[in-house]
Amino acid sequence: MKMLDRNRFLPLLSKPLLALAIAMCTGATGFAQEPPSDAACRLCHEVETARNPKAEKKSPHSDVTCVQCHTALATYDPTEDEHARPVPPASCVACHADQELAFAKSAHAENSDRCANCHTPHDIGLADAKPVGCATCHGDSAKHWQQSVHAGDPGNGSPAATCVNCHGAHEAQSAKNPDSRTHPLNLPDTCESCHKPNPSAEHPAPGGAKVSQYETSAHGLALRNDGLIVTATCASCHGGHDVKKVADPTAPTSRMQIPHTCGSCHMGILKSYLAGVHGEDFEKGGKDVPVCTDCHREHAVQGPSQANSSVSPSLVADTCARCHNDSELATRYGFKQSARSSWGSSYHGIAAAFGEQGAANCASCHGFHDIFPSTDPRSSVHAANLDQTCGNCHPNAGAAFSQVPVHSVEGEKENPVPWWVKRIYAVLLGGVIGAFILLVVIDLFGRLRLRMGWGPKETEHVDPRAWPDEDRLVSPHEAFERMTFHGRIQHAILVTSFSLLVLTGLPVFLHDSEWMQRIIDLEGGFKLRSQLHRIAAYGLIGLSLWHVAAILISSRMRKWLKLMIFTPRDITDFIGEVMFNLGLTAWMARRGWFKKLFERWPWLKFDERPALGRYGLVEKLEYGAVVWGNFVMIASGAILWRPDWFLDWMPSWTFDVCRVVHGFEATLAFLAIIIWHMYHVHLRPGNFPMSWVWLNGRISRKELRHHHPEEYLRILERRRSSEHEPL
């Protein structure tokens, strides 16, 4: 028998068969006492009711009958006009109420999409069934996803992230909906569900510190704290569906795309950047040129006002130094490698190192994004623009002020004058301080020698036989004026101003030492330190003028000044003092030709301590050092303080020379006071813990008799002669 044409035959029997099938399924006739299996439905719906016998796993719907989904068939009348009453769709709500509820609020429900649009109606769960197919409607997005890193296999046989991972399943919302997982407010949480701060071995998605950095960045805080949805989120920089590796040149996070990626939000800054020297090199394809992330970092982007920002006043110099401290880049592009170190040793750099936020840094002078070479008239550090640039911080800064070197290098070739001055002062400092230490050691040895009885005994300059009336002329308890009240006031001002100058000045000169920061903190910060330093400078200047005026006005001061003038005897007495403390001549006099030498010139034995007058070489050197030091410190300090008064008629390297001289002279004075003056006044045996002369101005007969025997003898002579003068 010839097989019937199914396509021609079934339409003829469709309504009778449908009526029979419904009756069998619903029990509307006497054919069945209860709902039968799906056999009746298969009479017409053979394809829909097929089951794959090769399926490895049983379908979730294998035990579900047709009528359990197509519940409306129970009341369906197949005799009615099918156009008047079409077959109602199947209902999933009976088993999937939660999913149905979520779906009802989703973007798909708004577009009248139903379950069957995403889930194939009858083969759900079968091993050979197709997965949820978002690409049916979202073809472009699916195409981008296929080319992204998320489509790759992370090692567990599944894609890294699918549509559902980011958008959700039944609850998928438009990205514009605040409840959507891809809405800007929620997107970081969505991405962080895989990219965790502490990635696990089971899910090794890139994350780590980058996640925490974003959350605390300017972008993350603007989103979390302020709800600013226009701020950058993960998708803003990495893209949405087409997330690519940084190594991919087409990725928005690749080095050559970064400026334009950031510029999509920061358009004005992008324009400034591309106009500057960095942007010009970037447009030419330069691989070494800095881009946004080199200065602002990637995920840890912070505003310049934040202390931990890479472009904050305290850190921007180090950020710029990543390139401008690189010798290879400096050679390749012709810029100075010493920019960071030279700025760091300038007043600006030192102030910044001590926490002064207002100190000028790289960006203060060179600009932020539109940086130009100094030879470009548009540059803020061009010669024609320096007055205005400096004037931003220093009002009324003129042409002379703008000549102050900021990036000066004390090099033999680059800047020879300050280089040589520094070398000379370094030798002078080492020689003078070394000599002071040696002389202190010799003095201590001399005292030890006398106590141990080695060599010549202590000299008695006042012979009791010549002065049997000594105690009558001078009482044993009598004290003599050593320093006038006027002198003590000047000394007090000198001590105060000098101490304050040292405490506020040496931290600047020795700024590389970490412990100097503690001194600055104790002084109330760098700005207060500057004010205290200037106050002390006023004190020193005023004292110097007072001292000069006193010498010019007072005859007594002029007589005192004559006593402080160097004489040849001061040198011979000093040599004699040193040789006596060593006590070597007695031993040498017994050795060979030294014996004949000493017999011919017996004064070379130095077996007696020289009889010093009111002032010896030590006191005169100290006074001379104060006079010289005050002159040098005031002159160099004035130029450093007000360069605009001097640099219009002096070469610019004068400023560098003054910096060297001011710092080294202060260090020399400080060490001389600590080692030499403090020893003689406070630490010297016989004076410890200190000589009281600087407080009461008096010296005892014992001290005067021992340290200044010549002056003491003159006092005895004057008093004896006065007794014999006629009345």
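Across segment 317-407, the relative contact order, built from alpha-carbon pairs under 8 Å that are at least six residues apart, equals 19 percent. Think of segment 455-582 as having a plus end and a minus end, set by charges on the Cβ of Lys, Arg, Asp and Glu; of Tyr538, Trp467, Gly525, Tyr538 sits farthest toward the positive end of this dipole.
So what is the relative contact order for segment 626-666, in percent, with contacts set as C-alpha pairs under 8 Å and at least six apart? Provide the component values of the computation, followed by the final result.
Values: 25 pairs, mean separation 22.2, N = 41.
Taking the mean separation of contacting Cα pairs over the length of segment 626-666, I get 54 percent.
Full extension of the chain between Ile634 and Arg614 yields a length gain of 4.2 nm, computed as 0.36 nm times the residue separation minus the alpha carbon distance. Taking Lys and Arg as +1 and Asp and Glu as -1, the other residues whose beta-carbon sits under 15 Å from that of Pro249 total +2.
Write down the Kirkwood hydrodynamic radius of segment 262-316, to one decimal in angstroms, obtained as one divided by the mean of 1/r over all alpha carbon pairs. It would help to have the intermediate numbers written out before the result.
On the way: mean 1/r = 0.0831 Å⁻¹.
By the Kirkwood definition, the hydrodynamic radius is 12.0 Å.
With each label modelled as a point 7 angstrom along the Cα→C-beta vector, the Glu478-Thr250 pair spans 10.8 nm.
Less than 14 Å Cβ to Cβ from Arg451, Lys/Arg counted +1 and Asp/Glu -1: what total charge do the surrounding residues give? Numbers along the way, then the final one.
Working: positive: Arg447, Arg449, Lys457; negative: Asp443, Glu458.
Charge balance near Arg451 sits at +1.
How charged is the neighbourhood of Leu647? Take every other residue with its Cβ under 15 Å from the Cβ of Leu647, and add Lys/Arg as +1 and Asp/Glu as -1. Here the charged neighbours net out to -2. Each of Thr484, Val440, Tyr425 was scored by the projection of its Cα onto the charge dipole of segment 387-527, and the greatest displacement toward the positive side belongs to Val440; charges sit on the C-beta of Lys, Arg, Asp and Glu.
Once you charge only the Cβ atoms, +1 for Lys and Arg and -1 for Asp and Glu, what is the size of the charge dipole of segment 184-312 about its Cα centre, to the nearest 20 debye? That gives a dipole near 60 debye. Magnitude of the charge dipole for segment 504-552, about its Cα centre and with charges confined to Cβ atoms of Lys, Arg (+1) and Asp, Glu (-1), is about 200 debye.
The calculated FRET efficiency for Ala104 paired with Ser305, based on their beta-carbon distance and R0 = 56 Å, is about 0.75. May I ask which of Lys105/Lys143; Lys244/Lys336; Lys422/Lys620 have a Cα-Cα span longer than 32 Å here? In this structure, Lys244/Lys336 exceed 32 Å between Cα atoms.
Every number in this text was worked out from the coordinates using simple rules, so none of it is lab data. Keep in mind the model is a prediction, meaning the values are calculated, not measured. FYI the Cβ positions are ideal-geometry reconstructions off the backbone, even for glycines, and counts take in every protein chain you see.
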